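What follows is a single structure, written as structure tokens, with notes after it.
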Amino acid sequence: MIEIKEIAASETWPLRHKVMWPNKPIDFVVLPNDTEGLHFGLFEKDILVSVVSLFIDGEEGQFRKFATDDYFQGRGYGTKLLNHLIVDAKKLNIKSLKCNARMTAIEFYQRFGMKVASDIVRKNGKDYVMMELDFEQ
Ligand SMILES: CC(C)(COP(=O)(O)OP(=O)(O)OC[C@H]1O[C@@H](n2cnc3c(N)ncnc32)[C@H](O)[C@@H]1OP(=O)(O)O)[C@@H](O)C(=O)NCCC(=O)NCCS
């Protein structure tokens with residue numbers, strides 16, 4: 001059984017760490033504004049398998065630290081979680097949603113209608129592009 005619900009920032013940290021930055025200390029995945037975010041978790045039979053965090057600035061939303069446990073990747077959980085986040089973002093009257101996408105995730109985000117909106121930026125040894133989804137188009 002799949003359940004998606006809001007969780008505390010601290011509940012996202014172990015998955016963020018394990019999936020995204022396993023070679024850094026866990027503090028590396030704690031965001032300074034984590035307490036201001038909305039954090040969503042997807043549970044399969046009570047196991048937390050995917051997390052994503054939404055930060056709202058006026059009418060603009062940005063999601064960050066989207067991670068599915070490696071063992072559970074490629075099974076549609078990330079798609080379910082991102083669709084859930086998009087529905088909630090629309091309810092919150094957000095007009096556009098953006099993310100800094102790892103190059104490996106660009107195609108995944110394009111399936112949701114997100115478009116590349118910046119040049120490549122290099123940070124912490126990885127390349128990213130900003131991607132955007134305009135809800136009003
Ligand atoms: C990006 C990420 C969060 C996606 O989560 P996910 O749970 O694997 O997402 P999905 O399973 O919905 O989709 C991923 C792939 O599985 C495929 N898929 C979707 N539903 C599926 C299903 N029912 N059965 C099999 N495959 C499926 C998708 O087509 C997609 O294919 P791709 O490998 O060609 O991209 C995950 O890959 C991840 O954590 N990556 C590492 C961290 C990262 O890069 N995060 C994003 C930073 S910008």
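The values are calculated or read from the model by the stated rules, or taken from the named source; none is laboratory data. Since this is a predicted model, take the numbers as computed values, not measurements. A quick note on method: Cβ atoms are made from the backbone with ideal geometry, for glycine too, and the neighbour counts reach across all protein chains shown. Surface accessibility is based on the protein's heavy atoms, side chains included, excluding ligands, DNA and RNA. Shrake-Rupley method; radii C 1.70, N 1.55, O 1.52, S 1.80 Å.
Does ARG64 satisfy the condition of being of a type in the set (Lys, Arg), assigned to a loop (DSSP other than H, G, I, E, B) and near the ligand (Cβ under 9 Å from one of its atoms)? In short, no. Looking at ILE7, ILE26, just one residue is open to solvent by 50 Å² or more (accessible area, probe 1.4 Å) and of a type in the set (Val, Ile, Thr), and that residue is ILE26. State yes or no: is SER96 over 11 Å from GLY61 (Cα atoms), of a type in the set (S, T, N, Q) and out of contact with any Ser or Thr (no Cβ under 7 Å at 6 or more places or on another chain)? Considered against the rule, which asks whether it is over 11 Å from GLY61 (Cα atoms), of a type in the set (S, T, N, Q) and out of contact with any Ser or Thr (no Cβ under 7 Å at 6 or more places or on another chain), SER96 comes out as no.
Does TYR109 satisfy being in contact with a Ser or Thr (Cβ under 6 Å, 6 or more places away or on another chain), within 8 Å of the ligand (Cβ to nearest atom) and touching a residue at least 12 places away in the same chain (Cβ under 8 Å)?
no
Residues that are open to solvent by less than 40 Å² (accessible area, probe 1.4 Å) and either near the ligand (Cβ under 7 Å from one of its atoms) or in a strand (DSSP E or B) (or both) within region 67-97 comprise ALA67, THR68, PHE72, GLY76, TYR77, GLY78, SER96, LEU97, listed in sequence order. Within the option set ILE56, ILE120, being away from the ligand (no atom under 14 Å from the Cβ), open to solvent by 20 Å² or more (accessible area, probe 1.4 Å) and touching a strand residue (DSSP E or B) at 6+ places or on another chain (Cβ under 9 Å) holds for one residue only, ILE56. What do you reckon, is ASP46 charged (D, E, K, R), closer than 23 Å to HIS17 by Cβ and open to solvent by 60 Å² or more (accessible area, probe 1.4 Å)? For ASP46, the condition - charged (D, E, K, R), closer than 23 Å to HIS17 by Cβ and open to solvent by 60 Å² or more (accessible area, probe 1.4 Å) - is met. Filter region 66-104 down to residues that are touching a Phe, Trp or Tyr at 6+ places or on another chain (Cβ under 9 Å) and over 14 Å from LEU48 (Cβ atoms), then give me how many there are. Of the residues in that region, 19 qualify. Of all residues in region 110-137, those that are closer than 13 Å to GLN62 by Cβ and of a type outside the set (Gly, Ala, Ser) total 6. Restricting region 123-136 to residues that are touching a helix residue (DSSP H, G or I) at 6+ places or on another chain (Cβ under 9 Å) and either farther than 14 Å from ALA105 by Cβ or not β-branched (Val, Ile, Thr) (or both), the residue that is most open to solvent (accessible area, probe 1.4 Å) is ASN124. Only residues that are in contact with a helix residue (DSSP H, G or I) (Cβ under 8 Å, 6 or more places away or on another chain), of a type outside the set (A, V, I, L, M) and free of Cβ contacts under 8 Å to residues at least 40 places away in the same chain were counted across region 52-78, and they come to 5.
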